[in-house]
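Enquirer: Structure in C-alpha cells, see below.
The values are calculated or read from the model by the stated rules, or taken from the named source; none is laboratory data. Note that the structure is predicted; figures quoted are calculated from it, not measured. Virtual Cβ from ideal backbone geometry, glycine too; neighbours counted across all protein chains shown. Surface areas here come from the heavy atoms of the whole protein model, side chains and all, with no ligands, DNA or RNA. Shrake-Rupley method; radii C 1.70, N 1.55, O 1.52, S 1.80 Å.
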Amino acid sequence: MSDPILQISNVSKSFGGLKVLEDVSFNLTPGQRFGLIGPNGAGKTTVFNLLSGVYAVDRGSVVLAGKDITNLPIRERIGLGLSRSFQNIRLMPHLSVIENVLMGQHCQSSQITEMLKPINWMKNNKWKQRAMETLENAGLKVDPGSTVGELPYGVRKKIEVVRALMSKPSVLMLDEPAAGLNARETSELADFLHEISTRNVTLLLVEHDMNFIHALCERVAVLNFGSKIFEGTPKEVNRDKAVLEAYLGTSTLEASDAA
Amino acid sequence: MMGGYVEGIIAILCINLMFAYGVYLTAASGQLNLGGAGFQAIGAYVAGVCSNSLGFPIFFSVLGGVLGAGLIGFLISFPVLRTRGVYMVLATFAFALVVSGVILNTDFLGGATGMVVTAYTPVEVLILATLLTILLVFWLMASRIGLVMRAVHDDDVVSEIMGVNVRGVQVFAFTLGGALAGLSGALYAHHYSFIEAQYFSALLSIFVLLFVLIGGTQTAWGPLFGASFFTLVPEVLRLGDTEWRYVIFGILIVLMMIFRPEGIITRTLVHRVIMVFNRSGGH
Ligand SMILES: Nc1ncnc2c1ncn2[C@@H]1O[C@H](COP(=O)(O)OP(=O)(O)OP(=O)(O)O)[C@@H](O)[C@H]1O
Ligand SMILES: [Mg+2]
C-alpha cells in the first residue's frame, strides 16, 4: 500500500466543556474514495473544520502528503492541495456563478500581475476559460453571469463542488454534497465524483445517503459522539453491531433481538 | 466657457465622486467607514501645508495630500480592523472626530479660523482627476483584486479558506480608500482656496457613506450613481418649492432604502442591462 496522503492521528476537540471529537484517527491513501459517516452531531463537520483550519486542533496531528499541517494558517492549506465544500452552502451570494468558481482558483492566480488583470474586460482569459470548462464538465447549464444567491439549491450545491475542484486539489473534502438533490441528480453526482477520483484526486465524503456511500466509497469510517467506532468497507459497515446501535439506538436493537 | 453656476456644481460633483470612491473601496470589501471626512481633511490640510509652507508645485502638494491620507488609512486600519460591525463604524467615526479636534487645536493649521490655500486649481483639473479615479476603481473592480474584495465582503472565513489574505485585502482597501478621500480633500483645498475643520464634519462623513450605500457597493457604478444623485437632486429640487425640498429628498432616501436595500445599482441589475444590450446589439 502506498504512503497515506492524509493522516489524521489522535485528534481531539472540545468547545468549552463539550467534547466534540475524542482521539479520532484515520488515514487516506492517494486516489481513495473515503466516506465519513455517523449520526447527527457525531462530529463529522468538525473534522472538516479542523482539517481546513477553521478551528484549532486541541490534541493530535494532521499530516498532508508528509507535511504536518496541524497548526498551518488557514489560507496556506488550499495551496498544499486541501480543498473543501460546506454542509450549508457557502458560496459568495453576491458574486456570479463564474466569479464564485474563479474564487476557487485564487491560490493559483494570486501573483500581483494576475491580480491586476481586468479579467471582466477580457474576452479570452485563461482563468475564465478554465472555469467555464469545469462548469460544463460538471454538467451545469446555467448562465455564468447570474448571481448565485438567486439560483436553486441543487445548482448552488453543485457550484460549490466545482469551486472546490478549481484549486486542483489532491484531497477533496465534500460535506454532504448529495443533501437536497433528487435521485437522478445524486446518481449524476456519484458518476461525476467517480470520474474525478480516477484523475488521482482523493475524496473524503461526509454523507447521510448510504446508497451514495455504497456506490462511491471504498472505505468508510463511522463517528459516534465524537469517537470513531468503526472503520472498514461499506459492506462490513452494515453488519457491524456498534454501528447499528449508534444509528438505531440500543433499545431498538434489543427489541428486535427479543422478537 | 462654463457658467459659474454650472461650474460650481461640476466642481462639487467631482469632489464628491472622488470622496465617494474612497469610502466605497472599504465598503466593497465589507467594512463601513464612517470617518470619510477625517481622511478628506487630512488630504486637504497636508496638501495645503505642502503648498503654503513648503512651496510645492500644486501637483506635488496634491500628491502629498494623497500619500498622507493613504498612510493614515494604512496605519488606522490595524486598530480599526480589530473591531467588527457597529463597533467598526464607531471606531472610524471617532477617528474623524480626532482629526477634526487636532486641526481645531493646532494654530499652525489655522485652528478654528481655517486656512487660506493660495495656489489655485481650475475645475478642469478636478474633472480629469475624477475621470482617472473612476477609471482606476472600475479597473480594480474588473480585476481579481475587486473579485477578492467582494468575496471578503460576502464571507471572510470562506475567502481565507480559498487562500485569500483577508487582512491584507482589508488593509489595502483602507489605504487606497484613504488616499482617494485624501485626493478629494487636496483638490478641494486648491479649488476653493480655503479650508476649515468645520467643513469636514460628522455630517459629511454620514452623507458620503449614504452616497455609497444607497448607490450600491457591489459594482463600481454604485458610487457614481449615489454621489451624482445626492449632489444633483438637491439642486434640481432647489428650482421648485423651497419649503418642501428637504422633505421630498428625505422621503426619496427612505424609499430607496426600503425598495433597494442592497443599493440602487446591484450586480444583478448591471448583468441584466448588459444582457439586454447584447441582445439588441445582436439583431
Ligand atoms: N463552533 C461550535 N461551538 C460549539 N459547539 C459546536 C461548534 N461546532 C460544532 N459544535 C457541536 O459539536 C457537535 C458536532 O457537530 P458537527 O457539526 O461536527 O456534527 P455533524 O456530525 O456534522 O452533524 P450533522 O450530521 O448534523 O451535520 C454538535 O454537538 C455541535 O453542536
Ligand atoms: Mg455536519
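Enquirer: Taking each pair of distinct Cα atoms in segment A:61-111 once, what is the resulting Kirkwood hydrodynamic radius in Å?
Expert: Roughly 12.7 Å, rounded to one decimal.
Enquirer: Once the convex hull of the C-alpha atoms of chain B is built, how many Å³ does it hold per residue, rounded to a whole number?
Expert: Roughly 160 Å³ of hull volume per residue.
Enquirer: Cβ under 12 Å from B:Asn165's Cβ, B:Asn165 left aside: what net charge do those residues give with Lys, Arg +1 and Asp, Glu -1? Write down the numbers at each step before the final one.
Expert: Values: positive: A:Arg75, B:Arg167; negative: A:Glu76, B:Asp156, B:Glu160.
Combined, the nearby Lys, Arg, Asp and Glu give -1.
Enquirer: Oh, and also: Report in % the part of the accessible area of the protein assembly as shown that belongs to carbon and sulfur, leaving out ligands and nucleic acids; probe 1.4 Å.
Expert: 63
Enquirer: Now for a different question. For segment B:59-116, I need the span (max minus min coordinate) of the C-alpha atoms along each principal axis, in Å, sorted largest to smallest.
Expert: 38, 27, 12
Enquirer: While we're on this one: Taking each residue of B:148-159 in turn, how many C-beta atoms of other protein chains fall within 10 Å of its C-beta, and what is the average?
Expert: Mean inter-chain Cβ contacts per residue within 10 Å come to 5.
Enquirer: Work out the FRET efficiency for B:Leu255 and B:Leu131 from their Cβ-Cβ distance, taking R0 = 51 Å, and round it to the nearest 0.05.
Expert: The computed FRET efficiency comes out at 0.95.
Enquirer: Working out 0.36 nm times the residue gap between A:Gln111 and A:Ser25, then minus their Cα-Cα distance, what length gain in nm do you get to one decimal?
Expert: Full extension of this stretch gives 27.3 nm more.
Enquirer: To continue, here is another question. Need one number: nm distance between label points at B:Thr106 and B:Arg82, each 7 Å from Cα along Cα→Cβ, rounded to one decimal.
Expert: With each label point 7 Å from Cα toward Cβ, the separation is 2.4 nm.
Enquirer: Let me check I have the definition right: for the protein assembly as shown, take the eigenvalues of the Cα gyration tensor, multiply each by 5, take square roots. What are those semi-axes in whole Å, largest first?
Expert: 54, 25, 21
Enquirer: List the GluC sites (Glu not before Pro) within segment B:227-283 that DSSP assigns to loop and that have no more than 16 neighbouring Cβ atoms inside 10 Å.
Expert: B:Glu243, B:Glu262
Enquirer: I want the antiparallel fraction of DSSP beta bridges within the protein assembly as shown, as a percent rounded to 5.
Expert: Bridges in the protein assembly as shown that DSSP calls antiparallel: roughly 60 percent.
Enquirer: Continuing with this model, one more query. Tell me what the protein assembly as shown gives for mean residue ellipticity at 222 nm when only DSSP H runs of n ≥ 4 count, each as -39,500 (n - 2.57), the sum divided by the residue total, rounded to 500 deg cm²/dmol.
Expert: -18000 deg cm²/dmol
Enquirer: With both bridge residues required to lie in chain A, what share of the DSSP beta bridges run antiparallel, to the nearest 5%?
Expert: 55
Enquirer: Give me the Debye-computed log₁₀ of I(q)/I(0) at q = 0.14 Å⁻¹ for chain A, equal point scatterers on Cα only, no solvent, two decimals.
Expert: Debye intensities relative to I(0), on a log10 scale: -0.99.
Enquirer: Sort segment A:90-168 into rounded, prolate or oblate with this rule: let a ≥ b ≥ c be the square roots of the eigenvalues of the Cα gyration tensor; rounded if a/c is under 1.5, and if a/c is not under 1.5, prolate when a/b is larger than b/c, oblate otherwise.
Expert: prolate
Enquirer: A follow-up question, please. Label-point separation (nm) for A:Ile229 and A:Asp3, each offset 7 Å from Cα along Cα-to-Cβ?
Expert: Label at A:Ile229, label at A:Asp3, 3.5 nm between them.
Enquirer: Something else: For a label point 7 Å from the Cα of B:Leu67 along Cα→C-beta, name the residues of segment B:174-191 whose backbone N is under 18 Å from it.
Expert: Under cut-off, by backbone N: B:175-187.
Enquirer: Return the distance in nm (one decimal) between the two label points of a simple spin-label model at A:Glu236 and A:Tyr55, each offset 7 Å from Cα along Cα→Cβ.
Expert: Result for the modelled spin labels: 2.8 nm.
Enquirer: Can you compute the label reach from A:Phe15? Point 7 Å from Cα along the Cβ direction, backbone N cut-off under 18 Å, restricted to segment B:159-174.
Expert: Within reach of a label on A:Phe15: no residues.
Enquirer: Exactly which trypsin sites (Lys or Arg not before Pro) in segment A:138-173 are in a DSSP loop and have at most 11 other Cβ atoms within 10 Å?
Expert: Taking segment A:138-173 and a limit of 11 other Cβ atoms within 10 Å, the loop trypsin sites (Lys or Arg not before Pro) found are A:Lys141.
Enquirer: Sticking with this one: Given a cut-off of 32 Å, name the pairs among A:Lys13/A:Lys168; A:Lys123/A:Lys158; A:Lys19/A:Lys128 whose C-alpha atoms lie farther apart than that in the structure shown.
Expert: Going by Cα-Cα distance, A:Lys19/A:Lys128 fall outside the 32 Å limit.
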